[in-house]
Amino acid sequence: DFLPPIHIIACVGAILIVGLSAKDASLDYLKDIVHADGVITTKHSLIAHAKEIGLATVLRYFILDSMALVNIEKQQRTGALPDVIEILPGIVAPRVIRRIVAMSRTPVVCGGLIQCREDVMHALGSGASAISTTSSEVWYM
């Protein structure tokens, strides 16, 4: 059996790179010099320019309290929409994931602290489109 080649998209955490700031020029650098396919950011203000220059966009939210939910809902109604929302930690309560999925106009990915099959199934069963993790054990489940 032949499997088609997998296209891997390189999304860069823009603000995590030393020397880059939350400015449009940093996105231009990532696109033109680094040749990134996309950007992961916590800054909603960067989404419009990233999309203008052809970068895939992941808007990351840290779910620390109920204000985070208010911000997600507000930003879903105003400005440019990201291609994907990522919520961290990905092991938040199922009702919180369901609420975010219901208010979002884009796919929701759960990331952060996903460490076992139960965490994966919990996120996907609550409506997340996918999970993200740095755990190689989860990659190969």
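Just check the chain against the gyration tensor rule for me: Cα atoms, a ≥ b ≥ c as the square roots of the eigenvalues, rounded for a/c under 1.5, and otherwise prolate or oblate depending on whether a/b exceeds b/c.
Values: a/c = 1.80, a/b = 1.16, b/c = 1.55.
Oblate.
Look at where the Cα atoms of region 33-69 and of region 103-141 average out, and the two centres are 18 Å apart. Database remark: amide H of ALA80 closer than 5 angstrom to the amide H of ALA48 (H placed geometrically; neighbours at sequence offset of 5 or more, or on other chains; Pro and chain starts carry no H).
Round to a whole number: what % of the accessible area of the chain belongs to carbon and sulfur, probe 1.4 Å?
The value for the chain is 59 percent carbon and sulfur by accessible area.
Using modelled backbone amide H atoms (1.01 Å from N, in-plane), which distant-in-sequence or interchain residues come within less than 5 Å of GLU86's amide H? Amide H neighbours of GLU86, under 5 Å, 5+ apart: LEU59, ARG60, TYR61, VAL109.
Our helix-only sum for the chain, with -39,500 (n - 2.57) per DSSP H run of n ≥ 4 divided by its residues, gives a mean residue ellipticity at 222 nm of -9000 deg cm²/dmol. In this calculation the C-beta distance from ASP28 to ALA80 is compared with R0 = 22 Å, giving a FRET efficiency of 0.85.
Under a point spin-label approximation (7 Å from Cα along Cα-to-Cβ), what is the SER45-TYR140 distance to one decimal in nm? My value for the distance between the label points is 4.4 nm.
Which whole-number value in Å² is the accessible area per residue of the chain, probe 1.4 Å?
Numbers: 8510 Å² over 141 residues.
With all protein chains present, the chain gives 60 Å² per residue.
Per-residue 3J(HN,Hα) values for region 129-141, derived from phi via the Karplus relation 6.51 cos²θ - 1.76 cosθ + 1.60 with θ = phi - 60°, read 6, 6, 10, 10, 7, 9, 7, 5, 5, 6, 4, 9, 5 Hz in sequence order (x marks Gly and Pro).
In this calculation the C-beta distance from ASN71 to ILE17 is compared with R0 = 22 Å, giving a FRET efficiency of 0.35.
The values are calculated or read from the model by the stated rules, or taken from the named source; none is laboratory data. Predicted, not measured: the structure shown is a model, and the values here were computed from it. A quick note on method: Cβ atoms are made from the backbone with ideal geometry, for glycine too, and the neighbour counts reach across all protein chains shown. SASA here: full protein model, heavy atoms, side chains in, ligands and nucleic acids out. Shrake-Rupley method; radii C 1.70, N 1.55, O 1.52, S 1.80 Å.
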